[in-house]
Amino acid sequence: MSWVEEETETKAQHKNFGDNPSGILTYTADGRMSIIFTDPRRQPPASPKATDAEAAQLYRGMVAYAGSYRLEDGKVIHKVEVSWNRTWDGQERPPAAVEIKGDRLTYKTSPFVSPFLGKQMVATLLWERIGSGTH
């Protein structure tokens, strides 16, 4: 539903993917997770093979990774196994406080350096449940 990064130094806020990013966050009972979120303003390439400029824009308009997760002291920690950003592969993401109210989950990270702005940030993401997860 939303993704806001706040600079830890200046408190300036950034909505890298606008007011309504698209995405899916999945947690399984056996400790697996995956996440993808995108800028809804992303444009498809003009042909099946993206130009270098188109590929760069597509890369900058998304975040995607998968791996395992664990809960510690009210925070969730993601261990990245595969990612759109290879520097994250094998890394743990900063712990994030999570709060669930009804069908909404708020995910607020510990400070980290944003791959989009190169500054230290705290990110707050708001997700809304789209299904019960039982089929």
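The values are calculated or read from the model by the stated rules, or taken from the named source; none is laboratory data. Remember, it's a predicted structure, so these values are computed and weren't measured experimentally. Don't worry about glycine lacking a Cβ; one is built from the backbone with ideal geometry, like all the others, and counts go over all protein chains shown.
Summary table
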| item | result |
| --- | --- |
| Whichever residue in the range 81-123 is charged (D, E, K, R) and part of a loop (DSSP other than H, G, I, E, B) and, among such residues, is surrounded by the most Cβ atoms within 10 Å (Cβ to Cβ) | R93 |
| Some residue of the range 124-135 being modelled with pLDDT of 95 or more, surrounded by 13 or more Cβ atoms within 10 Å (Cβ to Cβ) and either over 13 Å from the mean Cα position of the chain (by Cα) or not polar (S, T, N, Q) (or both) | no |
| Residue within the range 45-58 that is under 14 Å from the mean Cα position of the chain (by Cα) and of a type in the set (S, T, N, Q) present | no |
| Extreme residue, surrounded by the fewest Cβ atoms within 10 Å (Cβ to Cβ), among residues of the range 8-34 that are of a type in the set (A, V, I, L, M, F, W, C) and part of a strand (DSSP E or B) | I24 |
| Test result for V4, touching a helix residue (DSSP H, G or I) at 6+ places or on another chain (Cβ under 6 Å), at negative phi and either assigned to a loop (DSSP other than H, G, I, E, B) or of a type outside the set (F, W, Y) (or both) | no |
| So D73, is it farther than 18 Å from E92 by Cβ, among the charged types (D, E, K, R) and surrounded by fewer than 11 Cβ atoms within 10 Å (Cβ to Cβ) | no |
| Among residues of the range 1-59, those that are basic (K, R) and farther than 30 Å from R70 by Cα, counted | 3 |
| Pick from the range 68-94, criterion at positive phi and either touching a helix residue (DSSP H, G or I) at 6+ places or on another chain (Cβ under 6 Å) or among the small types (G, A, S) (or both), ranking: modelled with the highest pLDDT | G90 |
| M62 being touching a residue at least 24 places away in the same chain (Cβ under 8 Å), surrounded by fewer than 15 Cβ atoms within 10 Å (Cβ to Cβ) and among the aliphatic types (A, V, I, L, M) | no |
| Residues of the range 111-123 satisfying the condition of being touching a Lys or Arg at 6+ places or on another chain (Cβ under 8 Å) and modelled with pLDDT of 85 or more | F112, V113, V122, A123 |
| Unmet requirement for E5, which otherwise passes all of (1) surrounded by fewer than 16 Cβ atoms within 10 Å (Cβ to Cβ); (2) among the charged types (D, E, K, R); (3) in contact (Cβ under 8 Å) with a residue 24 or more places away in the chain; (4) under 17 Å from S114 (Cα atoms) | (1) |
| Check on G67, in contact (Cβ under 8 Å) with a residue 24 or more places away in the chain, more than 18 Å from T38 (Cβ to Cβ), of a type in the set (G, A, S) and touching a strand residue (DSSP E or B) at 6+ places or on another chain (Cβ under 6 Å) | yes |
